[in-house]
Amino acid sequence: IHHRVKNNLQIIASLLNLQSRYIRDESTLAAIRESQNRVKAMALVHEKLYRSEDLSHIDLHEYIKFLGTGLFQFYDAKSRGIQFRLDLHDVHVDINTAIPLGLILNELISNSLKYAFPNGKRGEVSISIQKEEHTLTVRFHDDGVGIPETLDWKETQSLGLRLVNTLVDQLNGTIELDRTAGTTFTLVLHEKK
């Protein structure tokens, strides 16, 4: 089943790619590409499940490393002098937690790579995750220019941040923003049963 779901999601990503070849409007093209990245993030979970011996345990380190590496390639971040650091060890979750968490991180990484490092600014995006019982504490940080104080990130028109807030709610979690040194989101999420 996971193999079939993964294949269907890859077909959707391919269709979006084909459609993007005929789009000339830059904002529409960006929206299609962001949707494609979201679909790929979901397909990746099913890929990991398909290859896993234990279908209820997804290795978050491997999954997030692969997800982050793909986004860094997509946004050409390495050549722009932006580093990716991951700090988590032996953290496993099931698919019901991995998919929303993957989509949350997909949005946060994408936003950082699009907005936090303008005009050749170099820096780092880092993610750390700790798990205690069925609670995950996720710290996402970039040392870029930061989210402007004027932006109400909980009530934004941005689909990405609205999606993040919705997914945090789905995981019965909380999310806090610290703007003092770049952007730091701290999320406390509860595994879905």
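The values are calculated or read from the model by the stated rules, or taken from the named source; none is laboratory data. Everything numeric here is computed off the predicted structure, so don't read it as measured data. Using ideal geometry, Cβ is built from the backbone for each residue, glycine included, and neighbour counts are taken over all protein chains shown. Please note that ligands, DNA and RNA were not included when accessible areas were found on the heavy atoms of the full protein model with its side chains. Shrake-Rupley method; radii C 1.70, N 1.55, O 1.52, S 1.80 Å.
Under Stokes-Einstein, with the Kirkwood radius over Cα pairs as Rh, the value for the stretch 85-193 at 25 °C and 0.890 mPa s is 171 µm²/s.
Leaving out ligands, DNA and RNA, and with a 1.4 Å probe, what % of the accessible surface on the chain is carbon or sulfur? Walk me through the numbers before you get to the answer.
On the way: 5360 of 10780 Å².
Result for the chain: 50 percent of the exposed heavy-atom area is carbon or sulfur.
Per residue, the accessible area of the stretch 79-121 comes to 41 Å² when a 1.4 Å probe rolls over the protein heavy atoms. The separation of the stretch 152-193 from the stretch 1-43, counted between C-alpha centres, amounts to 24 Å. Mean sequence separation of contacting Cα pairs (under 8 Å, at least six apart), scaled by the length of the chain, corresponds to a relative contact order of 18 percent.
Give me the count of lysine pairs in the stretch 73-193 whose alpha carbons sit under 25 angstrom apart, restricted to pairs 8 or more positions apart or on different chains. Step by step, the pairs that qualify in the stretch 73-193 add up to 6.
Using the Cβ-Cβ distance between Leu15 and Glu155 with R0 = 30 Å, the FRET efficiency computed as 1/(1 + (r/R0)^6) comes to roughly 0.40. Every helix of 4 or more DSSP H residues in the chain counts as -39500 (n - 2.57), and over all residues that averages to -15500 deg cm²/dmol at 222 nm.
What's the ranking of 97-104, 156-163 by average number of surrounding C-beta atoms within 10 Å, highest first?
Working: 97-104: 24.4, 156-163: 14.5.
Final packing ranking: 97-104, 156-163.
Can you pull the Kirkwood radius for the chain, inverse mean 1/r over Cα pairs, to one decimal in Å?
On the way: mean 1/r = 0.0580 Å⁻¹.
Hydrodynamic radius (Kirkwood, Cα pairs) of the chain is 17.3 Å.
On full extension, the segment bounded by Ser35 and Thr174 gains 47.6 nm, given 0.36 nm per residue less the C-alpha separation.
Scaled to the compact-protein estimate 2.2 N^0.38 Å, what is the alpha-carbon radius of gyration of the stretch 66-119, rounded to two decimal places?
That works out to 1.24 for the stretch 66-119.
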